[in-house]
Amino acid sequence: MRKWSPLNDRQLNVLRRIADDTDPITARQSELANTVYALRNRGLVVTPRQNGVWRARITEAGRFYLEHGHHPDRPTAEESDIKSAPKDLAADLIRRLQLQEGTIQLENPTDDVRGAYRRAISAAKRRGLVPEGFQLLHTGRDKGPLIIKLAPAGRDVETEWNRIRLAARNELTGADLFAKLDRDGGGIEVSDSTLPRARQLLHTLSQAAERRGHVLGMSRKTGRLYIRVREHLYTIGISEGEDQVPRPLAPDDWRLQGAYSWQRITPREYDSVPNGVLHLTLGTPPNVDHSWRDKERSKLENRIKEIVDAAEQLADHADERRREAEREHREWRIKCEREQAERDRRDAEVRARWEAAMAEARVLAVEDLRKKAFEEALAGWRAAAEIRAFCSALEEATDGTAAHGWLAWGRAWADLLDPLRHPADFLERFSPEPQADDLRPHLGEWSPYRPERECRSTPPPAPSARNVASEARTSGWRWGRQGPFPWWRR
């Protein structure tokens, strides 16, 4: 990394702390050692030792960086951006984006610098230097701040980029901002006599913010003044105090008609007169987080650093709240994932028990269906034999001619009941497919359709008949010896 490359937020904060020197940074703050060494390598601080312990001290280069926002040895735009070949500039652009968290923003670049960056962006896309899964976005081709972003591909990123792009186009900064302030006051609510001072105050504030890497801007649409710290906007309001100056009532005013001559207090009216006391507010609408007012010994011009510090504190608190929200969101996601995993585990256990119960019930139901089929076939075979014997006896008793109709009907009915006359139907029933009603007697409270309990207020219905013999049995026909069931029907 070049020594004139921009500092990140952590390095900049540490450099300011070293410059302030109210809370010295020494070797005892081991968590800041790497940051101090990085600043020392760029010549912004030195670390002289005393009693074996180094203490960080800012250099002239460090003070220059805090005042101007860049390293004193930084090459000019013509040297670094314009004279470089597009392929070298493109590779350097990708490296800078990766080092600066994917974003480069130049507030008021020259036309030559804009053109150099446009060539670099085109070369990076044409030569395939953009990392896979990322896209190179930019805005500010001809005017306004130049923003270049290396972002992951995706609709959510494009939505956020559109917000940034439109916000940049809606922003007035630098010379354009102060031209508007000189032209129409820019919505500053002060008297004409105090307006020049208010403009100079904003100019001083803009310079101080720029030295810290921030921007004083105005919305083109709303005319709202704000200071931009990173991606946070904080509205700035400037107003002028007023004094209530009494104005005597006219002699013919009706309110004086009822006054007595001995009254010492004469009714008066009051005029609001600007008093030249400036009042500056800072905050996020509709809230005002900080406010400053001219005092006898402390004018607003002497509190510019305090105003910029307050804006940075608001931004730091906003970043902390964002990080806290992200942390809570991550914890919430982890909790939801754990709860979902626990539900999945319980559901898997329930499904495993249900599948085991279903497998056992299927075996028992198949056995029941086989017994039932065999019982019906055996009963049909015995009934067919008894019917045929009865028909033979009837034929002998009547010589066959008188009972011809009964004999034909009885023997046809015996053939219908006899499983040996249609063995394929009987053999097919050895491998039955149990239905829900066949499984219920063996499932307890389980549902035969899904892994859950099933409420059963009544016993499950008996399985439906499966062949012609069973239909014959349920049609009112009764055969065989009456009395207790034989052993194979128990």
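The table that follows gives values for the structure above.
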{"read-out": "The range 146-216 versus the range 286-346: alpha-carbon centroid distance in Å", "value": "22"}
{"read-out": "Paramagnetic reach from Glu342 (point 7 Å along Cα→Cβ, amide N under 17 Å) across the range 308-332", "value": "331-332"}
{"read-out": "Charge dipole (debye, nearest 20) of the range 9-169; +1 at Cβ of Lys and Arg, -1 at Cβ of Asp and Glu", "value": "280"}
{"read-out": "Residues Leu66, Leu225 arranged by fewest to most Cβ contacts within 10 Å", "value": "Leu66, Leu225"}
{"read-out": "Gyration tensor verdict on the range 9-169 (Cα atoms; rounded if a/c is under 1.5, prolate if a/b is larger than b/c, oblate otherwise)", "value": "prolate"}
{"read-out": "Peptides 320-332, 282-294 ordered by average Cβ neighbours within 10 Å, highest first", "value": "282-294, 320-332"}
{"read-out": "Alpha-carbon Rg/Rh ratio, for the range 89-248, with Rh computed the Kirkwood way", "value": "1.11"}
{"read-out": "Segments 140-147, 123-130, 345-352 sorted - mean Cβ within 10 Å per residue, highest first", "value": "140-147, 123-130, 345-352"}
{"read-out": "Share of alpha-carbon pairs per 10 Å distance bin for the range 338-439, given as whole %", "value": "14, 25, 19, 15, 11, 7, 5, 3, 1"}
{"read-out": "Positive-pole candidate from Ala151, Thr26, Val130, dipole of the range 9-169, charges at beta carbon", "value": "Val130"}
{"read-out": "Peptide ranges 420-432, 202-214 listed from the most packed, as the mean C-beta count within 10 angstrom indicates", "value": "202-214, 420-432"}
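Just so you know, all these numbers are worked out from the coordinates, no wet-lab data involved. This one's a predicted model, so the numbers in the text were calculated from it and none came from an experiment. Because the Cβ atoms are built from the backbone with ideal geometry, glycine has one as well, and the counts that use them run over all protein chains shown.
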